[in-house]
1. Please verify whether the stretch 38-48 includes one or more residues that are more than 27 Å from HIS125 (Cα to Cα) and modelled with pLDDT under 85.
2. Just one of ASP352, ASP300, ASP369 is over 30 Å from ARG30 (Cα atoms), in contact with a Ser or Thr (Cβ under 7 Å, 6 or more places away or on another chain) and surrounded by fewer than 19 Cβ atoms within 10 Å (Cβ to Cβ); which is it?
3. Test ALA59 against the stated conditions and say whether it is surrounded by fewer than 17 Cβ atoms within 10 Å (Cβ to Cβ) and touching a residue at least 24 places away in the same chain (Cβ under 8 Å).
4. State which residue pairs qualify: first residue touching a residue at least 12 places away in the same chain (Cβ under 8 Å) and inside the stretch 300-318, second residue of a type in the set (S, T, N, Q) and not in a loop (DSSP other than H, G, I, E, B) in any location, beta carbons under 9 Å apart, and separation of 6 or more residues or different chains.
5. Taking strands (runs of 3 or more DSSP E) that fall entirely within the stretch 7-112, which contain at least 2 residues that are among the hydrophobic types (A, V, I, L, M, F, W, C) and closer than 30 Å to TYR178 by Cβ?
6. Take the stretch 212-224 and flag every residue that is buried (at least 19 other Cβ atoms within 10 Å of the Cβ) and among the small types (Gly, Ala, Ser).
7. Out of everything in the stretch 328-349 that is assigned to a helix (DSSP H, G or I) and open to solvent by less than 10 Å² (accessible area, probe 1.4 Å), what residue ends up being farthest from MET238 (Cα to Cα)?
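The values are calculated or read from the model by the stated rules, or taken from the named source; none is laboratory data. Since the structure is predicted, the reported quantities are computational estimates derived from the model, not experimental observations. Virtual Cβ from ideal backbone geometry, glycine too; neighbours counted across all protein chains shown. Heads up: the accessible areas ignore ligands, DNA and RNA and are worked out on the full protein's heavy atoms, side chains in. Shrake-Rupley method; radii C 1.70, N 1.55, O 1.52, S 1.80 Å.
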Amino acid sequence: MPDRILVLNAGSSSLKFGLYQGLERNSPERVVKGQIEGISTRPRLRVRDAAGEIQVDEALGSAVRDGAGALASVERWLFAHFDRKALAAVGHRVVHGGQEYTCPTRVSPDVMRTLRALAPLAPLHQPFNLAAIDAVSGRLPDLPQVACFDTAFHRGHEPVADLVPLPREIRDRGVQRYGFHGLSYEHIASALPDVAPEIAAGRVLVAHLGSGASICALRDGRSVDSTLGFTALDGLCMGSRPGALDPGVVLYLFQALGMSVSEVEDVLYRQSGLRGISGISNDMRALLGNKDPAARLAVDYFVFRAAREIGALTAVLGGLDGLVFTAGIGENAAEIRQRICEASAWLGIELDAEANEMNGPRITTPGSDVSVWVIPTNEEL
């Protein structure tokens, strides 16, 4: 009986994948995890086994020009090492599920039509997520596919938390706050009882800090509010997205600067955030330690916005028991964690510098009123 699931997380320039087994025990274990990055430029396949040991690290040919080519390469590698007949289904990360999809959903033509209509709300992600589903349908048409949504974890908020204060006739067309990074937050919520049981049922902020960045407020492991809203542009400063922005700025781009819709979209999704402030890079690793004043300003603003949102979401929760850092920056950038914790010291956070340099898991002193943790995310699981 097939007992393995392939998980795909498709982006514009990368395809992440994981193979899991053990479905009959309802506790799947990862067999391998990998990704193809540099799609259409310098594609490279990297695969690690369950223990984290590198199984393959090799450049791919020019045939990998798009997501379909990347999927074909992943398929060749997987089925050269694992039995195709053992594969039960493919699960996909899909960023936007809209109002309709609040749990993992079997893919069908009707589902795909609905998800395609949501693509303008997540143009950096949704088209590539759906292209991976199309590619699997073309190559493995009989294999069941399931879409798992980044927005689903945030459904169930109080109405006021999801409200966009526009006229009802606009709101009735689906304009509301959705929140994203839900697969990451769902994993952290599930890990807290084992890693940090003393805060698992309490008031917790999870800071998913990476190229895309947001913070989610949890109460008893459930989402109460999030910094991301109708689209993935809201809230924190990100790698190439600005975060919260006065809507009048967008009007100014159209009216005073005469920019087109596509030009404004490009500015907001690809040219802003760390990249826009620094003029150097959207990668925090390239900015940390860079002496250029613009690089320092970009890092300063990233920390400022994170500390500001931590304060706001603490008010939503009515206090704070714990803070969790996760994702690329959150898990690996000790300096960013330190600076955010120092800016949030008024909450009763007392950082343990040595534990922070070692990436946790707990990075505060025993006497800290609010405990702070570093917990790796696992969206694929």
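1. At the first step, the residues of the stretch 38-48 found to be more than 27 Å from HIS125 (Cα to Cα) are none.
Checking the stretch 38-48: not a single residue is more than 27 Å from HIS125 (Cα to Cα) and modelled with pLDDT under 85.
2. ASP352
3. Values: surrounded by fewer than 17 Cβ atoms within 10 Å (Cβ to Cβ): yes; touching a residue at least 24 places away in the same chain (Cβ under 8 Å): no.
Against the criterion (surrounded by fewer than 17 Cβ atoms within 10 Å (Cβ to Cβ) and touching a residue at least 24 places away in the same chain (Cβ under 8 Å)), ALA59 does not qualify.
4. GLU309/SER214; LEU313/SER226
5. Numbers: elements: 14-21, 29-37, 44-49, 54-59, 87-94.
Qualifying strands (runs of 3 or more DSSP E): 14-21, 87-94.
6. To start, the set of residues in the stretch 212-224 that are buried (at least 19 other Cβ atoms within 10 Å of the Cβ) comprises 212-218, 223-224.
Hits for the stretch 212-224 are GLY212, ALA213, SER214, ALA217, SER223.
7. Taking the stretch 328-349 first, the residues assigned to a helix (DSSP H, G or I) are 328-332, 334-343, 345-347.
Remaining after also requiring open to solvent by less than 10 Å² (accessible area, probe 1.4 Å): 330, 336-337, 340-341.
Working: GLY330: 13, ILE336: 13, ARG337: 15, ILE340: 15, CYS341: 19 Å.
Looking at the filtered set, the residue picked out is CYS341.
Rundown of residues vs (1) among the polar types (S, T, N, Q); (2) over 26 Å from ALA232 (Cβ atoms); (3) surrounded by 13 or more Cβ atoms within 10 Å (Cβ to Cβ); (4) modelled with pLDDT under 85, yes/no style:
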{"residue": "MET1", "(1), (2), (3), (4)": "no, yes, no, yes"}
{"residue": "VAL7", "(1), (2), (3), (4)": "no, no, yes, no"}
{"residue": "ALA68", "(1), (2), (3), (4)": "no, no, yes, yes"}
{"residue": "PHE82", "(1), (2), (3), (4)": "no, yes, yes, no"}
{"residue": "LEU87", "(1), (2), (3), (4)": "no, yes, yes, no"}
{"residue": "LEU118", "(1), (2), (3), (4)": "no, no, yes, no"}
